[in-house]
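The values are calculated or read from the model by the stated rules, or taken from the named source; none is laboratory data. Bear in mind the structure is a predicted one, so any value in this text is a computation, not a measurement. Methodologically, a virtual Cβ is constructed for each residue, glycine included, from the backbone with ideal geometry; neighbour enumeration extends over all protein chains shown.
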Amino acid sequence: MVSNEHYFSQAPAGERKLKEVSFTVGTKEITAKASSGTFSSGGLDKGTKILLTQSHLFPVSGEILDLGCGWGPIALAIATLSPGASVWAIDINSRSVELTKQNAQELGLPNLKALLAEELPSNLSFQQIWSNPPIRIGKTELHALLKKYLSLLVPGGKAMLVVQKQLGAESLMKWLSEEFEGHSVKRIHSDKGYWVIEVVSPTGR
């Protein structure tokens, strides 16, 4: 069972125990550090791994958001494969943010900025948002989170979300379609019980 203390806390207690993780995205192998007290502390989780199979959809430029970055695998992958993009990685967990910063520095990724969610500049809008959203925080909080950040998409911008089917992927798609009127909401990939959901904002305002 996942404990809230595991990664939902702003300042996780306990010693930081690091583990080196290597994973391949596209043609690039990325080696970074995961940590206790962050999401998926033992390595790359299945959902994120499946989401990253869609790396051919990474934009080559623009402002990109990794929502709920953990130790940073999504942001690190985008920043590595799309050096012309500005990648913002946010989390409420201070240990996650610090580790994502450290990983970005060690990989030489000046186009990646990791910060606490509350520190994200209020004037930003995003071409794309990529996320393995924190389903276990509960439906009410999850919906509030997605309403806040998906509203920051530019016209024609897209969000890419990975959700486990047994944890409510189908009902989340239905809610997204109802809540974000005029947006295109569809499943673009499924594997091992996970759905990759694409949400595209209208091009006209």
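Brief remarks on what is shown
- Residue check, Lys139 closer than 22 Å to Ser55 by Cα and at pLDDT below 95: no
- Residue list for region 127-157, restricted to those being under 13 Å from the mean Cα position of the chain (by Cα) and not in a helix (DSSP H, G or I): Gln128, Ile129, Trp130, Ser131, Asn132, Pro133, Pro134
- Any hit, region 177-185, residues being within 21 Å of Ala89 (Cα to Cα) and in contact (Cβ under 8 Å) with a residue 24 or more places away in the chain: no
- Residues in region 122-171 that are among the basic types (Lys, Arg) and under 19 Å from Asp66 (Cβ atoms): Arg136, Lys147, Lys148, Lys158.
- Checking each residue in region 61-97 for being surrounded by fewer than 17 Cβ atoms within 10 Å (Cβ to Cβ) and assigned to a helix (DSSP H, G or I) picks out only Ser94.
- Residue count for region 165-188 satisfying the condition of being more than 24 Å from Gly138 (Cα to Cα) and touching a Ser or Thr at 6+ places or on another chain (Cβ under 7 Å): 0.
- Applying the criterion of being touching a helix residue (DSSP H, G or I) at 6+ places or on another chain (Cβ under 7 Å) and closer than 16 Å to Thr48 by Cβ to the residues of region 189-205, the residue that is surrounded by the fewest Cβ atoms within 10 Å (Cβ to Cβ) is Lys192.
Matching residues to (1) more than 22 Å from Leu176 (Cα to Cα); (2) out of contact with any strand residue (DSSP E or B) (no Cβ under 7 Å at 6 or more places or on another chain):
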{"position": "Leu115", "(1), (2)": "yes, no"}
{"position": "Glu119", "(1), (2)": "yes, yes"}
{"position": "Ile129", "(1), (2)": "no, no"}
{"position": "Tyr149", "(1), (2)": "no, no"}
{"position": "Val154", "(1), (2)": "no, no"}
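- Condition check for Lys101: at negative phi, among the basic types (Lys, Arg), crowded, with 19+ Cβ neighbours inside 10 Å and modelled with pLDDT of 95 or more: no
- Residue in region 113-127 that is closer than 18 Å to Ile30 by Cβ and either surrounded by 17 or more Cβ atoms within 10 Å (Cβ to Cβ) or without any contact (Cβ under 8 Å) to a residue 24 or more places away in the chain (or both) present: yes
- Condition met for Leu146 (surrounded by 14 or more Cβ atoms within 10 Å (Cβ to Cβ) and more than 22 Å from Ser55 (Cα to Cα)): no
- Residue, farthest from the chain's Cα centre (by Cα), within region 51-86, restricted to residues that are hydroxyl-bearing (Ser, Thr, Tyr) and more than 18 Å from Tyr149 (Cα to Cα): Ser61
- Region 117-158: number of residues that are of a type in the set (A, V, I, L, M, F, W, C) and in contact with an Asp or Glu (Cβ under 7 Å, 6 or more places away or on another chain): 4
- Applying the condition of being closer than 23 Å to Ile135 by Cα and assigned to a strand (DSSP E or B) to region 1-58 and asking which residue is modelled with the highest pLDDT yields Ala34.
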